[in-house]
Amino acid sequence: MNWKGTLIALLCLLMLGIYACMDKEDTGTENNARLRILLTDDPADYEEVNIDIQDVQINPQNDDNGWNSLDDANTGVYDLLELTGGLDVVLADVELPAGRLSQLRLILGDDNTVKVNGSLNDLKTPSGQQSGLKIQINTDLEAGVTYTILLDFDAARSVVKAGNSGQFLLKPVISATVEATSGSIQGTVTPPNVQSVVYAIMNMDTLSTFTDDAGRFLIRGVPAGTYRVEIVPEETSGLDPAIIEDVNVTIGQVTNIGTINLEN
């Protein structure tokens, strides 16, 4: 029985060690921003306008180099006319290194159609659009801040009837609106060799993160408001928790509360 108890204790310690390592690794994303890309549309005089989105790419540069596909993008065929009246669909929700975002590009497939009088018609895409629909963003992403890019795919202007041929052409007209939708809280806790949990609390809402090996922390995606920040060191340290009142968070900005010294 003693041998079994010792084995269980060792396994528990091992799991705790793995958990602690994972928590510290999570703080490695402190230099990231969060980016959400939404697709919406205005009404158009068709029954359906179906757009086949195969890939969503971004480019930090303002040229044809540096394009990268976003992981786990929600690709597929979307009826734009279902995305009216304030409705939208999330094409991507990712974390990116902070810095410049110059361009976004949608890669379309061949399954683009328009329904007129109950009949589906192929939407022919001009050869110039085969490399993708490029949209200028030109925004600097700040670490810890959440950004939303709303893509308004104007179906009424994007579908063009080709004379008397009966064919329809897809000449996409897309506008992009970029908006920061959160702020963040950062700081440093000393001594740095003691891992702490940092909480941002406003009414019933709580966000949290861990300090890294240097004692730094960043709480990302924080809605605007006034928060109480609580720093709770690991129990074995013997240090007392610390509380900072009235921490104001503004959309699109990082609130730095400086260095917090934990004491016995």
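Taking Rh as the Kirkwood radius, which is the inverse of the mean 1/r over Cα pairs, what is the Rg/Rh value for segment 74-205? Each step should come with its number before you reach the end.
Numbers: Rg = 21.3 Å, Rh = 18.5 Å.
Using only Cα positions, Rg/Rh for segment 74-205 is 1.15.
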Per the Cauchy relation, a quarter of the hull surface: what is the mean projected area of the convex hull of the alpha carbons in segment 140-264, in nm²? 11.1 nm²
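Starting from the alpha-carbon convex hull of the chain, give the projected area averaged over all orientations, in nm². Don't jump to the answer; show the numbers that get you there.
On the way: hull surface 82.5 nm².
Hull-based average projected area comes out at 20.6 nm².
Want the number for MET204 to ASP240: 0.36 nm per residue separation, take away the alpha-carbon distance, what's left? Don't jump to the answer; show the numbers that get you there.
Working: separation 36, 0.36 × 36 = 12.96 nm, distance 2.35 nm.
Separation in residues times 0.36 nm, less the Cα-Cα distance, equals 10.6 nm.
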Residue among LEU207, LEU39, LEU104 with the largest mean-square fluctuation in a Gaussian network model of the chain, springs linking Cα atoms under 10 Å: LEU207
Per residue, how much accessible area does the chain have with a 1.4 Å probe, in Å²? 54 Å²
What the Cα atoms of segment 57-132 span along the principal axes, largest first and in whole Å, is 48, 31, 20
To the nearest Å, what is the center-to-center distance of segment 27-92 and segment 160-228, using C-alpha atoms only? 17 Å
When the chain is treated as a Gaussian network with springs between alpha carbons less than 10 Å apart, the largest mean-square fluctuation among ASP55, ASP246, ASP93 is found at ASP246
Can you give the helix-only mean residue ellipticity at 222 nm for the chain, where every DSSP H stretch with n ≥ 4 adds -39500 (n - 2.57) and the sum goes over all residues, rounded to the nearest 500 deg cm²/dmol? -3500 deg cm²/dmol
Mean shadow of segment 170-228, computed from the convex hull of its alpha carbons, in nm²? 6.7 nm²
Using a 1.4 Å probe over the heavy atoms of the protein chains, calculate the carbon and sulfur portion of the accessible area of the chain as a whole percent. 48 percent
Can you tell which of ASN32, ASN65, ASN164 shows the greatest fluctuation in a Gaussian network model of the chain with Cα springs below 10 Å? ASN164
Please compute the modelled spin-label separation between ASN193 and ILE251, points set 7 Å along Cα→Cβ, answer in nm with one decimal. 4.5 nm
Taking the chain, the lysine pairs whose C-alpha atoms sit under 26 Å apart (8 or more places apart or on different chains) add up to 10
Correct semi-axes for segment 139-204, from √(5λ) of the alpha-carbon gyration tensor and rounded to whole Å with the largest first, are 51, 12, 9
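The values are calculated or read from the model by the stated rules, or taken from the named source; none is laboratory data. Small disclaimer: the values here were computed from a predicted structure and weren't measured. Please note: Cβ atoms are built from the backbone with ideal geometry, for glycine as well, and neighbour counts cover all protein chains shown. In case anyone asks, the SASA skips ligands and DNA or RNA and just uses the protein heavy atoms, side chains included. Shrake-Rupley method; radii C 1.70, N 1.55, O 1.52, S 1.80 Å.
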